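Heads up: the structure comes next, in structure tokens.
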Amino acid sequence: MSARSGGKFRLTAMAAAMLAVGAAWADERDDEIARLKRPDSEVSVGAGYVSDDNTRFGQYNGMTNEGLYLLFDARIRQRDDATGKWTNITGRNLGLESRELRFDQSKQGDWGYFIDFSQTPRYSPYTALTRLTGYDSTTQTVNGAATPTQVELKTERKALSAGVDKWVSSRWDVRLGTRYEEKTGRRLFGRTGSDFLVDPIDYRTQLYEASVGYTGEKGQFTGGYYGTNFVNNKNHIDGLGGTGPTYSPIALPPASQSHQAHLAGGYNFTPTTRGTYKLAYTHQTQDDTFIDVSTTGRSNLGGVVDTKFGQLGLTARPTSGLSVVADLRKENRDDKTPVVDYFPITVTGTATGVNEPRTIHSTVGKLEASYLLPAAFRLIGGYDYDQRRRNTSDVHVVSYRETTTENTLRAELRRSLSETVNGSIGYAHSKRGGSEWQTTLTTTATGSNLLQPLHLADRERDKVRATVGWTPTEKVDLQARAEYSKDKYGGRTLGLQDGTGQFYSLDGAYRIAESWQILGWFSREDTRANLLDCASAAGTNNGEITACPNTTASPIWTAHLRNVGTAIGIGLKGKPTGQLELAADFQLSNDRGEFRNGPTPVGVTSVPDTKYNRSVTKLTATYAMQKNTGLKLQYIHDRFSTNDWTWDTWTYSDGTRILPNSQQKVDFIAASVYYNF
Amino acid sequence: MRTSATVAILIALLAGAASAQDKPAPRKDLVLAGDAKCTRCHDENDTVPVLAIGKTKHGTTADQRTPTCTSCHGESDGHINKPANATERPKPDRTFAKNSKTPVEARNAACLTCHQGGKRIHWMSSMHATRDVACSSCHEVHTGHDKVRDKTTQPDVCFNCHKQQRAEIRRPSRHPTLEGKVVCSDCHNAHGAAGEKMLVRDSINDTCYTCHMEKRGPFVRTHQPVQENCAICHNPHGTVNDNLLKARMPFLCQSCHEPTSHRGGVAGVTGGASSSNASGIGITLARACLNCHTNIHGTNNPKDVGNERTFRR
């Protein structure tokens, strides 16, 4: 009769039986009903064994070494039915580095609080074999050790969150929340292409929220404060040795903070018409002490970014068949950081000593109508508007335009063809243009203006999509989706020229028997982009390709970039007996990257394709030994392989090698006992 | 013979019990106020077990706001008292199964009666609402374990529709979504938002900064697309390139940067030198462009040694 055993309780049958055998059974029935409506709790304890050292299987759960691991999970849910007070304890992966533990209590509709701890490791797929010393500190010495040592590249986040909420009345509530997170560890870093360094991560991130909410029948709103604080305990690296002090110290991210006031709400003008809004103002500052002496005498940037955000929305159903959505939002991110000339231009290659605040204003709108046609067709038409305006620095080395505007028209036809078949087909056409292109500028000369940056380029995009869902019987469910998009870029001469994207997926589920189901899915994504570029173009040009030397050593070249991804999932689950549950799951992900670049200068070999294969086979058996106690067995076979050549032949100046760990084969077996109550 | 005898005894006892009462005692509510008219027929053996709602917040009867069966399903008189001329018992006024004939708006209205405030203020204008996604498409009400509210099972619920993300999240560079550590709702508010992409913050960058705050600056030297939109270079759902980059370097960088100086160099796995920015390995292998431009998100170094505008120090 336990939930695990799958025993079902038929009240009608039992009611008859009770009459037959007397009142004693009535108590049993009440007990059973109480159990059926009582919140579930479960604790499980066990152990798992990992067969091999790895960097993929345990990347985010911490099981990267061969050996035994404690598996400990708990989910305790208790409710005092008389008062409506809940007490919950949730522990997951408590024996692993990815542990989570949460405690919360609440009196539903009155008050509540929680405290939550979460730990998340991330093991880099790469391992460094290096003679670098001091890699966990801000003073690192290239070539500092006589012999290389293996350095694990890992980061870890530990977050503590807490919050309280209180319903002041049936309509008003107050909420307070905070999160404090430490992120520590090591990440790949380096300088000049010659020296291997480690980014010695030691961050603290804090979030604070306070809000007041109102929920009425017609109007609702929430307003409050959102604050953030970022601290970096290691904000620079002194890199000794190697290429020398020229590139030392290196700055690491500075501390910063922000304060936001916000108000959002909605109002039901009529049962079919609703308006929404949001207003927010954010004041962000960055005044961390510089890591090095500034020739200006300033000790910090004095960075200030003020962001104003506003949104207005309206949804209406003027007739039973017509619904309309209109939405407009505007965000003005004003970078008010003082503009200062930090150093004189004395070093070759330096174009300016002036810092470059980035101000960005965006306006995004949507207008959409949905109309119910005869024969259950629904036609949706929409128009989207997206404008971005950016400031320009006096010096910039990338072709630039201050404004880009994208307009999109789209239409979609949907229909529930029958109770068993539904589908849709949609088409969207987008066109992005912008203001005049601004030629790159140095302090001394007009520069190059050949290439259209991908986010600023003129772009025409066509996209079609079709979906079909078919449920021929209660046992069978099939879904299919196909998407195709085509981009064409323009504006300048070089850069992305065009691209396509295709996506297909098939999903199927079949209920073989009352307690057995098989499901499977397949998807394939194929994205392509064609890049046109040239080497060593003349520094001053009028945007014509004639600025490219187009010689053997400095050719005009193309790259036909392509990613092809195929993913498959197959699952089978069932209950051969009342006590036994079985599940099998297989997932395959196969990706290929193509580059096909050339022509290449003499001695340069174009970039080969890369392939990535991952398969995970998972078998699970759960056996209920007693009413509330059972055994869970699990086996996982996880394989990964790649021919990615990124690090294969690379050696840093001190002989440091990065081991890519290209092959993985891991078996994991686990057994745990659970107890329900 | 034995079975027949048992049945006979049962019938006799039942008849006796029935005759001992002038009229049947009123049925008791089992979970919610007034549910007796429903639970006289519906029990835990239904396709959708009804009593398990008692395990949920909706089963907390001490909370005066807790709904009854009819709050969501309607009075459903025709369903409770089947009309004599009906060949099949009519469905309840509002049903929520996948093949329900109740319009999605009517289904959602039952939920919005109570759940329209807080993080659901923008539901009506959300892509989910305007594409006929019902609350019950994602949420399971009659169970103690609502999959979409459990971080370990939530992604599978979202992937029922978001097939492309289901594939991307399995690529070599990804967030720990499959492990239930960073899940869909950490970044997206499925109930609607004032900002883009139904994100939990008003912009893509502000959402990313909740975990990656070191990237926000402002810096002495800022990289324009970094300040504008993280998604210009990154696909947060997963890619084959390190650091969730949409394309491999140097091609990604060459999609913006002018081909003067070394920036138009031809990528290659041979030729050049590791410390060289010419065509060949220096711009292609290891960290590629980042071999030199190591602080690509921006640097706060106020001094100049070798063109700090280009994030080398």
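Rounded to the nearest 10 degrees, the inclination of helix A:11-21 to the longest alpha-carbon principal axis of chain A is 30 degrees.
About its Cα centre, the protein assembly as shown has a charge dipole of approximately 1500 debye under the convention of +1 per Lys or Arg Cβ and -1 per Asp or Glu Cβ, with nothing else charged.
When the pairs A:Lys336/B:Lys163; A:Lys575/B:Lys98; A:Lys431/B:Lys181; A:Lys166/A:Lys218; A:Lys632/B:Lys163 are compared against a 32 Å limit on Cα-Cα distance, A:Lys336/B:Lys163; A:Lys431/B:Lys181 fall above it.
Among the residues of B:127-135, the average count of other protein chain beta-carbon atoms within 10 Å of the residue beta-carbon is 3. Here the calculated FRET efficiency for B:Ala36 and A:Ser169, from their Cβ-Cβ distance with R0 = 45 Å, stands at 0.90, rounded to the nearest 0.05. Helix A:24-37 and the longest principal axis of the C-alpha atoms of chain A enclose an angle of approximately 10°.
What separates the Cα centres of segment A:195-234 and segment A:357-415 is a distance of 28 Å. Using a simple spin-label model with pseudo-atoms 7 Å out from Cα toward Cβ, A:Lys336 and B:Lys28 lie 6.7 nm apart. The residue list B:Cys230, B:Cys256, B:Asn300 was ranked by how far each Cα lies along the charge dipole of segment B:214-313 toward its positive end, using unit charges on Cβ atoms, and B:Asn300 comes out on top.
Each principal axis of the Cα cloud of segment A:63-172 was taken in turn, and the coordinate range along them, longest first, works out to 71, 34, 16 Å.
Residues of segment B:102-146 with an amide N closer than 19 Å to a point placed 7 Å from the Cα of B:Asp156 along the Cα-to-Cβ direction: B:136-146. Ranked by how many other Cβ atoms sit within 10 Å of their own Cβ, fewest first, the residues A:Phe290, A:Phe103, B:Phe219, A:Phe230 fall in the order A:Phe103, A:Phe290, A:Phe230, B:Phe219. Computed about its Cα centre, the charge dipole of chain B is approximately 520 debye, with only Lys, Arg, Asp and Glu carrying charge at their Cβ.
Springs between alpha-carbon pairs under 10 angstrom, Gaussian network model over chain B: which of B:Ala134, B:Ala86, B:Ala52 fluctuates most? The residue that fluctuates most here is B:Ala86. Here, segment B:226-288 has an Rg and a Dmax of 12.5, 35 Å when only alpha carbons are counted.
Counting other Cβ atoms within 10 Å as a rough exposure proxy, the listed residues B:Glu105, B:Glu88, B:Glu196 run B:Glu88, B:Glu105, B:Glu196 from fewest neighbours to most.
Each of the peptides A:209-218, B:108-117 was scored by the mean count of other Cβ atoms within 10 Å over its residues; in descending order, highest first, they stand as B:108-117, A:209-218.
Inter-chain neighbour count for B:51-57: the average number of beta-carbon atoms from partner chains within 10 Å of each residue's beta-carbon is 6. Evaluated with a Cβ-only charge set (Lys, Arg +1; Asp, Glu -1), segment B:104-202 carries a dipole of roughly 260 debye about its Cα centre, given to the nearest 20. Label sites at A:Asp462 and A:Gln438, each approximated as a point 7 angstrom past Cα along Cα to Cβ, lie 3.5 nm apart.
Across all directions, the average projected area of the convex hull around the alpha carbons of the protein assembly as shown is 42.6 nm². Only helices enter the 222 nm calculation for chain B: every DSSP H run of n ≥ 4 contributes -39,500 (n - 2.57), and dividing by all residues gives -6000 deg cm²/dmol, rounded to 500.
Cα centroids of segment A:455-529 and segment B:168-230: 23 Å apart.
In this structure, the amide hydrogen of A:Gly144, modeled 1.01 Å from its nitrogen in the peptide plane, lies closer than 5 angstrom to those of A:Leu132, A:Thr133, counting only residues at least 5 positions away or on a different chain.
Were the residues from A:Arg29 through A:Asn542 laid out at 0.36 nm apart, the gain over their Cα-Cα distance would be 175.9 nm.
Two numbers describe the Cα atoms of chain B: Rg and Dmax, which are 30.6, 102 Å.
Please work out the C-alpha center-to-center distance from segment A:237-263 to segment A:117-157 and express it in whole Å. If we compute the Cα centre of each part, the gap is 18 Å.
Counting neighbouring beta carbons within 10 Å and listing from fewest to most, the residues B:Leu285, A:Leu456 come out as B:Leu285, A:Leu456. Model label points for A:Tyr180 and A:Ile115, set 7 angstrom from Cα along the Cα-to-Cβ axis, are 1.1 nm apart.
With a Förster radius of 51 Å applied to the beta-carbon distance between A:Gln150 and B:Asp63, the computed FRET efficiency rounds to 0.35. Each pair of Cα atoms in segment A:330-485 enters the Kirkwood radius, and Stokes-Einstein at 25 °C and 0.890 mPa s then converts it into a translational diffusion coefficient of 124 µm²/s. Name the residue from B:Pro172, B:Val200, B:His142 whose Cα lies farthest towards the positive end of the charge dipole of segment B:141-216, charges +1 on Cβ of Lys and Arg and -1 on Cβ of Asp and Glu. Of the candidates, B:Pro172 comes out farthest on the positive side. Dividing the summed -39500 (n - 2.57) terms of all DSSP H runs of n ≥ 4 by the residue count of chain A sets its mean residue ellipticity at 222 nm at -1000 deg cm²/dmol. Averaged over the residues of B:283-291, the number of partner chain Cβ atoms lying within 10 Å of the residue Cβ comes to 6. A convex hull fitted around the alpha carbon atoms of segment B:104-202 yields 108 Å³ per residue. Among the listed pairs B:Lys28/B:Lys57; B:Lys101/B:Lys197; A:Lys85/A:Lys618, those with a Cα-Cα distance over 27 Å are B:Lys101/B:Lys197; A:Lys85/A:Lys618.
Residues of segment A:285-324 falling in the label zone of A:Tyr385, defined by backbone nitrogen less than 20 Å from a point 7 Å along Cα to beta-carbon, are A:308-316, A:324. Per the Debye calculation on segment A:156-219 with a single equal scatterer at every Cα and no solvent contribution, log₁₀ I(q)/I(0) for q = 0.12, 0.18, 0.20, 0.28 Å⁻¹ amounts to -0.54, -0.76, -0.83, -1.07. Fully extending the segment from A:Gln206 to A:Asp52 would add 51.7 nm, taking 0.36 nm per residue of separation and subtracting the current Cα-Cα distance. When the GluC sites (Glu not before Pro) in segment A:442-535 are filtered for DSSP coil states and for at most 15 other beta-carbon atoms within 10 Å of their beta-carbon, the remaining sites are A:Glu474, A:Glu514. Projecting the Cα positions of B:His128, A:Thr405, A:Thr285 onto the charge dipole of the protein assembly as shown (unit charges on Cβ atoms of Lys, Arg, Asp and Glu, taken about the Cα centre) puts B:His128 furthest along the positive direction.
Quick note: the coordinates plus some simple rules give every number you see, no bench work behind them. No experiment lies behind these values; they were computed from the predicted model shown. Backbone-built Cβ (ideal geometry, glycine too); neighbour counts: all protein chains shown.
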